[in-house]
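First the structure, in the form of structure tokens, and then the observations on it.
The values are calculated or read from the model by the stated rules, or taken from the named source; none is laboratory data. Quick caveat, the model's predicted, so the values are computed rather than measured. Reconstructed Cβ throughout: ideal geometry from the backbone, glycine too, with neighbour counts over all protein chains shown.
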Amino acid sequence: MAHNKPIDVHLRLWSDDDLPLLMRLMGDPAMTAYLGGPESAEKIRERHQGYCHNSVEEKDPIFAIIVEPEGIAVGSIGYWEKAWFDETVWETGWSVLPEFQGYGIATKAAALIVERARLEKKFRFLHAFPSFDNAASNAICRKSGFLLRGMFNFEYPPGNLMCCNDWSFDLFADEPRIA
Ligand SMILES: CC(C)(COP(=O)(O)OP(=O)(O)OC[C@H]1O[C@@H](n2cnc3c(N)ncnc32)[C@H](O)[C@@H]1OP(=O)(O)O)[C@@H](O)C(=O)NCCC(=O)NCCS
């Protein structure tokens, strides 16, 4: 992507038209190297239906990441409820298509998600759990003001053990901690 101007990023609730985008995000070995590997077309269709359902229900929203002025959907991001130790928190996760990576798009989308989750005033903490060796994803957490809490092993998807960093953002703090 050739760009001289700053890239404007906004979020749009996941919609019926986003299935081809999700096929690329979740069906590609490189895109899912830190996510347990590519999903089958059937699993991706199921995931897509779930995302669309969430948009209708206005619960645990998933968004397409849109870049302007082109107005094209280049990735996904969202936040959803998760039981974490003895509390309920928000969890977030992000993906950007390879040809749009390295332009700060995921970092901008993460900032928008922090603001949306903050406005919910529902749970205090927003967590992200990138694989410990996912340099780009860990960089987004660090730059976005998340604090590193520790490292945990997750089985995701079933049968695949992942070693992940636990980052959290305090949504009830007065000031965002952006590095
Ligand atoms: C992680 C991902 C969303 C980053 O998207 P992006 O739009 O390229 O991210 P940004 O441009 O905002 O870059 C974020 C930071 O990561 C760094 N970065 C990007 N790619 C990198 C790489 N391959 N290795 C090391 N750092 C990298 C950038 O330099 C930037 O840090 P900086 O501003 O300090 O230089 C994208 O690589 C992706 O979709 N990966 C596959 C899916 C995935 O692993 N998602 C994470 C699940 S938790």
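Condition test on MET31, is it outside any strand (DSSP E or B), modelled with pLDDT of 95 or more and either within 9 Å of the ligand (Cβ to nearest atom) or on the phi > 0 side of the Ramachandran plot (or both)? Reasoning before the result, please.
Values: outside any strand (DSSP E or B): yes; modelled with pLDDT of 95 or more: yes; either within 9 Å of the ligand (Cβ to nearest atom) or on the phi > 0 side of the Ramachandran plot (or both): yes.
Yes.
Scanning segment 61-110 for residues that are within 14 Å of the ligand (Cβ to nearest atom) and among the acidic types (Asp, Glu) yields a total of 2. When you scan segment 124-135, do you find a residue that is closer than 24 Å to THR32 by Cα, aromatic (Phe, Trp, Tyr), surrounded by 19 or more Cβ atoms within 10 Å (Cβ to Cβ) and touching a helix residue (DSSP H, G or I) at 6+ places or on another chain (Cβ under 6 Å), even just one? Within segment 124-135, not a single residue is closer than 24 Å to THR32 by Cα, aromatic (Phe, Trp, Tyr), surrounded by 19 or more Cβ atoms within 10 Å (Cβ to Cβ) and touching a helix residue (DSSP H, G or I) at 6+ places or on another chain (Cβ under 6 Å). If you go through segment 57-93 and keep only what is closer than 15 Å to LEU11 by Cβ, among the aromatic types (Phe, Trp, Tyr) and surrounded by fewer than 22 Cβ atoms within 10 Å (Cβ to Cβ), you end up with just TRP80. Taken together, the residues in segment 28-44 that are hydrophobic (A, V, I, L, M, F, W, C) and surrounded by fewer than 16 Cβ atoms within 10 Å (Cβ to Cβ) amount to 3.
What do you reckon, is ASP166 over 17 Å from MET31 (Cα atoms), in a loop (DSSP other than H, G, I, E, B) and out of contact with any Ser or Thr (no Cβ under 8 Å at 6 or more places or on another chain)?
In short, no.
For the residues PRO98, PRO158, the requirement of being at pLDDT below 95 and within 25 Å of MET31 (Cα to Cα) singles out PRO158. Within segment 12-25, the residues that satisfy the criterion of being crowded, with 20+ Cβ neighbours inside 10 Å and touching a residue at least 60 places away in the same chain (Cβ under 8 Å) are TRP14, LEU21, LEU25.
Could you tell me whether segment 50-58 includes any residue that is in contact with a Leu (Cβ under 6 Å, 6 or more places away or on another chain) and more than 14 Å from the ligand (Cβ to nearest atom)? Give the derivation first.
Step one: of segment 50-58, the residues in contact with a Leu (Cβ under 6 Å, 6 or more places away or on another chain) are 55.
Add one more test, that the residue is more than 14 Å from the ligand (Cβ to nearest atom), and what stays is 55.
Checking segment 50-58: at least one residue is in contact with a Leu (Cβ under 6 Å, 6 or more places away or on another chain) and more than 14 Å from the ligand (Cβ to nearest atom).
Within segment 2-11, the set of residues being surrounded by 15 or more Cβ atoms within 10 Å (Cβ to Cβ) and either away from the ligand (no atom under 15 Å from the Cβ) or at pLDDT below 95 (or both) comprises just one member, ILE7.
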